[in-house]
1. Name the single residue that is surrounded by the most Cβ atoms within 10 Å (Cβ to Cβ) among those in region 46-65 being of a type in the set (Gly, Ala, Ser) and within 36 Å of the chain's Cα centre (by Cα).
2. Evaluate region 310-317: report whether one residue or more is surrounded by 18 or more Cβ atoms within 10 Å (Cβ to Cβ) and hydrophobic (A, V, I, L, M, F, W, C).
3. Would you mind listing the helices (runs of 4 or more DSSP H) fully within region 272-338 where at least 3 residues are under 28 Å from the mean Cα position of the chain (by Cα)?
4. Quick one: count up the residues across region 30-45 that are open to solvent by 40 Å² or more (accessible area, probe 1.4 Å) and more than 22 Å from the chain's Cα centre (by Cα).
5. Just one of the numbered conditions (1) at pLDDT 90 or above; (2) within 30 Å of Gln190 (Cβ to Cβ) is not true of Arg45; which one?
6. Are any residues in region 232-241 part of a loop (DSSP other than H, G, I, E, B) and open to solvent by 30 Å² or more (accessible area, probe 1.4 Å), and if so, which ones?
7. Restricting attention to region 179-230, report how many residues are open to solvent by 20 Å² or more (accessible area, probe 1.4 Å) and of a type in the set (A, V, I, L, M).
8. Could you identify the single residue in Ala296, Ala289 that is small (Gly, Ala, Ser), over 20 Å from Leu168 (Cβ atoms) and open to solvent by 20 Å² or more (accessible area, probe 1.4 Å)?
Amino acid sequence: MPRTIPFSPQLLDTHCIIDARTPLEFADDHLPGAINVPILTNAERVEIGTLYKQQGPQLARQRGLELTCHRFPSIVATIAEAAAGRPVLVYCWRGGLRSESIALLLEMSGLPVVKLQGGYKSFRQIVSSFFEAVSLPVQLVVLHGMTGSGKTEFLNQLPASDWTVIDLEGLARHRGSAFGSLGLGEQPPQKRFETLLWDAFRRAPLDRPIVVEGESKRIGRVTLPGNLHEVMASSTKIWCEVSVATRVKRLAAEYARQDYRGPMAEALERIKKKLGGEQYEELKQKLEAWDVEGLAQGLIEQYYDKLYYRVRKWEPEGTINLEEYTVAARELAAICTT
């Protein structure tokens, strides 16, 4: 019988992680780096679950075997190729029959395999517990500044040898503003966002600060989990200064894509009430004329600067100027090492 072991983060670096659940379950969330090799399709899982409830486990298992036995050789071959000599860790929802079945197949095929105790559910409890009371072993630095300042671009050019950058907006696929989803694709489910974020913190080295961008509790449709937002509020806060002219240029450069025109019009419509009719029509005309810089300046003056950081109830530990990123990087280092 395959051995069952509890989850440990080190397993993610040493094993080929196989998720035996359905594609729908996998899409909602999965262990970092996991490969989906479903033993049942989405529809088959519903069928088996219904049969289990109505007629009992024996008939459900017999039907499951009928549906899946022809896939066994393909399942083994797929996993063997993905593993490339590494030991395999297989899991399902609660460490039940689906992961047990695949683990037995692999063991009979001579592949080293263990099964995750408690399945995905046990892993999910670890992620949830981490965010219930976030405690980081290194300094957390949070950059704040007005929309268009270039904070994300600045973060992503910081040297990895000195800083660990966790791009909250990149993980959430949303910039946290009215036009925040442009070009970033569909946002991940909440559980998936939390797992990606947990993994980013897990992989952070212990010899350098972690830097993130200041965010609201919500980033689009996802939420910063647990007490992370409160931890960020009590961490080293840096204010980023930059001129309105530079902000206009940076926002315009980010938005100036023809394939954004439709989504930009939809986003503008969503904030129509907050803008007011006159301001909305003015910005709508700029968009229709493809005056992207004019639109960016209008959004800064009539929307972003009235909505974000209008009242700041805290004082930063330091201020950096983002007009020139290399200078700002030196300023950031000076503040965080004093």
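1. Taking the candidates together, the pick is Gly64.
2. No - not one qualifying residue is present in region 310-317.
3. In region 272-338, 325-336 are the helices (runs of 4 or more DSSP H) which contain 3 or more residues that are under 28 Å from the mean Cα position of the chain (by Cα).
4. Selection size over region 30-45: 5.
5. With respect to (1) at pLDDT 90 or above; (2) within 30 Å of Gln190 (Cβ to Cβ), Arg45 is out only on (1).
6. Matches in region 232-241: Ser234 only.
7. 3
8. Details: Ala296 fails: open to solvent by 20 Å² or more (accessible area, probe 1.4 Å).
Result: Ala289 is the single residue among Ala296, Ala289 that is small (Gly, Ala, Ser), over 20 Å from Leu168 (Cβ atoms) and open to solvent by 20 Å² or more (accessible area, probe 1.4 Å).
The values are calculated or read from the model by the stated rules, or taken from the named source; none is laboratory data. Everything numeric here is computed off the predicted structure, so don't read it as measured data. Cβ: placed from backbone, ideal geometry, glycine included. Neighbour counts: every protein chain shown. Just so you know, the surface numbers come from the protein's heavy atoms only, side chains and all, with ligands and any DNA or RNA stripped out. Shrake-Rupley method; radii C 1.70, N 1.55, O 1.52, S 1.80 Å.
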